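To start, the structure under review is shown below, and the notes come after it.
The values are calculated or read from the model by the stated rules, or taken from the named source; none is laboratory data. This one's a predicted model, so the numbers in the text were calculated from it and none came from an experiment. Every residue, glycine among them, receives a Cβ derived from its backbone with ideal geometry; neighbour counts consider all protein chains shown.
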């Protein structure tokens, strides 16, 4: 698992940070959104005013700790990127890529 981003959470529930890969380096925001149905995302990911991802709130089975399950997609990607946004050891939120 590789860390591809780091975020902080504001009092308004908006996460701000940066996503970095070999081909991508953007300042991004993750904002809560209204859910239209049960499978709709809880948050939307955007950079430079363009939405390119969605997040769902999940809870770890063993600890019950909440995290965001993230899906990023863009026409320039060969396939969607799946990641989790969870609390790091030092209080920061880490975006961890998984395949």
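Output the residues belonging to region 14-40 that are assigned to a loop (DSSP other than H, G, I, E, B) and closer than 21 Å to residue 96 by Cβ.
14, 21, 22, 23, 24
If you scan region 60-88, which residues turn out to be touching a strand residue (DSSP E or B) at 6+ places or on another chain (Cβ under 6 Å) and outside any strand (DSSP E or B)?
Residues satisfying the conditions are 74, 80, 88.
I'd like to verify a number: residues in region 69-87 that are loosely packed, with under 12 Cβ neighbours inside 10 Å and in contact (Cβ under 8 Å) with a residue 40 or more places away in the chain, how many?
The total comes to 1.
Within region 41-53, is even one residue at pLDDT 95 or above, part of a loop (DSSP other than H, G, I, E, B) and farther than 18 Å from residue 4 by Cβ?
Yes - at least one qualifying residue is present in region 41-53.
Could you pull out the residue among 14, 26 that is within 14 Å of the chain's Cα centre (by Cα), surrounded by 15 or more Cβ atoms within 10 Å (Cβ to Cβ) and modelled with pLDDT of 90 or more?
26
Can you find a residue that is surrounded by fewer than 11 Cβ atoms within 10 Å (Cβ to Cβ) and without any contact (Cβ under 8 Å) to a residue 60 or more places away in the chain anywhere in region 51-58?
So far as region 51-58 goes, no, none of its residues is surrounded by fewer than 11 Cβ atoms within 10 Å (Cβ to Cβ) and without any contact (Cβ under 8 Å) to a residue 60 or more places away in the chain.
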